[in-house]
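K.L.:
This is the structure, below, for whatever I ask next.
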Amino acid sequence: MATRVSAAGDRHGTIQSVDRAARILRVLGSSPRLGVTEISDQLKIAKATVHGLLRTLEQQELVEQDPNSGKYRLGAAMLQLGNSFLDNHELRARSLMWAGSLATRVGEAVRVGVMNGETVLIVHHVFRPDNSVQILEVGASIPWHACALGKAFAAFVPPARRTALLAADLSPLTGRTMTEPSLLRAALEEISTLGVAVEDQEAVVGEAEIASPVFDHRGDPAGAISVVGPVERLLPDGPAPALVAAVREAGRGLSRDMGAGRFAARG
Amino acid sequence: MDGWCHRVSRPTTRRGGVGSPALGAFLVDAEFVRRWIVDAASRIEEERDFLTQLDAAIGDADHGVNMHRGFTAAVATLQSSPDGSPGSLLQEVGTTLVYRVGGAAGPLFGTGFRQIGATLSEADPPDGEALLSALRAGLAGIQALGAAAPGDKTMVDAWEPAVSAFERTLRAGGSVVEGARSAADAANAGVEATLPMQARKGRASYLGSRSIGHQDPGATSTALIFGALERAVR
């Protein structure tokens, strides 16, 4: 479950009804459809209050009521808000061209991610250009330690942040996920030297990822760009050199577009 | 959603002849392996689009197609190896699945069948107890590769209860036929139990709480395989 906002507006400076409305949106985001009673039970908020909040949210098109069942779901305005978030995201905006040409060049899927707490949020995803059915991963959230995007980012953050990330929940996603902080720390050291992070079936069995960090105008990591695909194609005998070169080039180019100076655009 | 589960829990054909193999008379042989894999392949073919539809909701929309390709190849492998021991045949099936299914399902199901085959190869005699050990070894292989525990919304949620039910039935003095039936039922129940779960492994876990309310495709395939096993032991 996503992080809960303050329980019931009991913090100074928060407004209870806004807090409650936000919690209703979150709970609707994790279920297909919910009725007033279900929301009331889950959030421990009186039914009349839930009803009033839902009516208000409905007027703003943030939720909508299913005419048949009378249950509520998220509304169309949520998609517009989500899209605005993506449109206003500088790294995503600048990555569109780089990600597209990288996918075309290497014939694999490309992802762009940013750190959101201890997870990588996918803000852009270009499908593998082979006409196969693929599912858009924009909005997906991947634990940082299990993907190359997260490791590429973590390798270049200040020591205090790195230590905090290493103290996070390092649960395994596969039998190959690195869960030992000391091993991860050593891996990050290596990545900071190489400028490229590799992940070998640590997030999904059968899948690998090669990522390069992206730096902003201050020279701080802003996110990362990666190629992701079947392990046998990405790491045929270790990381395929052509892929590593292409990912590194995209990371450098994108960093330059973000205003990173020559020195900052390491890797 | 209820209908989805029922499609899996009601196999289209029941192999006839509830003849009664005497208790303890069951031995894994090459014919059993063929019946099992051919039946599983045909069930997966029947449910191919359904499996893909499940996967489209929380995965990569390729599970049905991939499993169908892999099991079709596995049947071809069995046809081209007329003489193998049951253990070696199942190992070949596993190897074929690893290379032909692709995605995460290939290595996971492939490892499962390779472990089953390897365990049966060393079993003497390859009786019901040996089949139980082999199925458990398959589960262990899958868990080592995927690090999934029951409740993570994966194939383990069907495979683990199936093996446990098989074991309980044998321990209670039941036959292999009864054990396999209880395993198939437990696998189906396991599939239904994945619906309210939030995925903690695999691509579905990227979706966080959005995975809730969807039936897991890997668990569904597992239930098809245990349904085929039930018919193959009769």
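Here, each number is a calculation from the coordinates, and none is a lab measurement. Small disclaimer: the values here were computed from a predicted structure and weren't measured. Glycine also receives a Cβ, built like all others from the backbone with ideal geometry; neighbour counts cover every protein chain displayed.
K.L.:
Report the Stokes-Einstein translational diffusion coefficient (µm² s⁻¹, integer) for chain A, Rh taken as the Kirkwood radius over Cα pairs, at 10 °C with viscosity 1.306 mPa s. Intermediate values should be presented prior to the final figure.
P.N.:
On the way: Rh = 20.2 Å.
Diffusion coefficient, whole number: 79 µm²/s.
K.L.:
In µm²/s, what is D for the stretch B:77-131 at 25 °C and 0.890 mPa s, where D = kT/(6 pi eta Rh) by Stokes-Einstein and Rh is the Kirkwood radius from Cα pairs?
P.N.:
Working: Rh = 11.3 Å.
The estimated diffusion coefficient comes to 218 µm²/s.
K.L.:
Follow-up question, since we're still on this one. May I ask which residue of A:H217, A:P181, B:T222 lies farthest towards the positive end of the charge dipole of the protein assembly as shown, with charges of +1 (Lys, Arg) and -1 (Asp, Glu) on Cβ and the Cα centre as origin?
P.N.:
Positive-most Cα among the choices belongs to A:H217.
K.L.:
What relative contact order, as a whole-number percentage, does chain B give when Cα pairs under 8 Å and 6 or more residues apart are counted?
P.N.:
About 23 percent, as a whole number.
K.L.:
Need the list of aspartates and glutamates near B:K153 for cross-linking: C-alpha distance under 20 angstrom, and skip anything on the same chain fewer than eight residues off.
P.N.:
A:E137, A:D169, A:E202, A:E207, B:D2, B:E47, B:D55, B:D60, B:D62, B:D185, B:E192, B:D216
K.L.:
Rounded to whole Hz and in sequence order, give me ³J(HN,Hα) for the stretch A:130-142 from the Karplus expression 6.51 cos²θ - 1.76 cosθ + 1.60, θ = phi - 60°, writing x for Gly and Pro.
P.N.:
10, 6, 7, 6, 9, 10, 5, 9, 4, x, 5, 10, 10
K.L.:
Tell me which lysines have Cα within less than 17 Å of A:K71's Cα, excluding those fewer than 8 residues away on the same chain?
P.N.:
Once the sequence-local lysines are set aside, what remains near A:K71 is A:K47.
K.L.:
Using only the Cα atoms, what convex hull volume per residue in Å³ does the stretch A:1-122 have? Spell out each step's value before the answer.
P.N.:
Details: hull volume 18.4 nm³, N = 122.
In the stretch A:1-122, the Cα convex hull volume per residue is 151 Å³.
K.L.:
Mind checking the dipole of the protein assembly as shown: about its Cα centre, +1 per Lys or Arg Cβ, -1 per Asp or Glu Cβ, Debye to the nearest 20?
P.N.:
About 1120 debye.
K.L.:
If you don't mind, there's one more thing I want to ask. Given charges of +1 on the Cβ of Lys and Arg and -1 on the Cβ of Asp and Glu, with all other atoms neutral, how large is the dipole of the stretch A:8-124 about its Cα centre, in debye to the nearest 20? List each step's numbers first, then the result.
P.N.:
On the way: 14 positive and 12 negative charges, 19 e Å.
Result for the stretch A:8-124 is approximately 100 debye, rounded to the nearest 20.
K.L.:
Tell me, B:F109, A:F85 in order of fewest to most beta-carbon neighbours within 10 Å?
P.N.:
With the fewest neighbours first, B:F109, A:F85 line up as A:F85, B:F109.
K.L.:
May I ask for the percentage of alpha-carbon pairs in the stretch B:41-83 that lie more than 18 Å from each other?
P.N.:
33 percent
K.L.:
Normalise the Debye intensity by I(0) for the stretch A:151-267, one equal point scatterer per Cα, no solvent, then take log10 at q = 0.18 Å⁻¹ and round to two decimals.
P.N.:
Log10 I(q)/I(0), no solvent term: -0.93.
K.L.:
Oh, and also: Along the charge dipole of chain B, Cβ charges K/R +1 and D/E -1, which of B:S211, B:P82, B:S121 sits furthest on the positive end?
P.N.:
Of B:S211, B:P82, B:S121, it is B:S211.
K.L.:
Among A:M78, B:M197, which comes first, second and so on when ranked by fewest other beta-carbon atoms within 10 Å?
P.N.:
Ranked by crowding around the Cβ, least crowded first: A:M78, B:M197.
K.L.:
With all pairs of different alpha carbon atoms counted, what Kirkwood hydrodynamic radius in Å does the protein assembly as shown show?
P.N.:
Taking the inverse mean of 1/r over all distinct Cα pairs, the protein assembly as shown comes out at 24.6 Å.
K.L.:
If each residue's Cβ is checked for other Cβ atoms within 10 Å, how do A:T163, B:T119 rank with the fewest at the top?
P.N.:
A:T163, B:T119
K.L.:
Rule-of-thumb check for the stretch B:123-201: C-alpha Rg over 2.2 N^0.38 Å?
P.N.:
In units of the 2.2 N^0.38 Å rule of thumb, it is 1.13.
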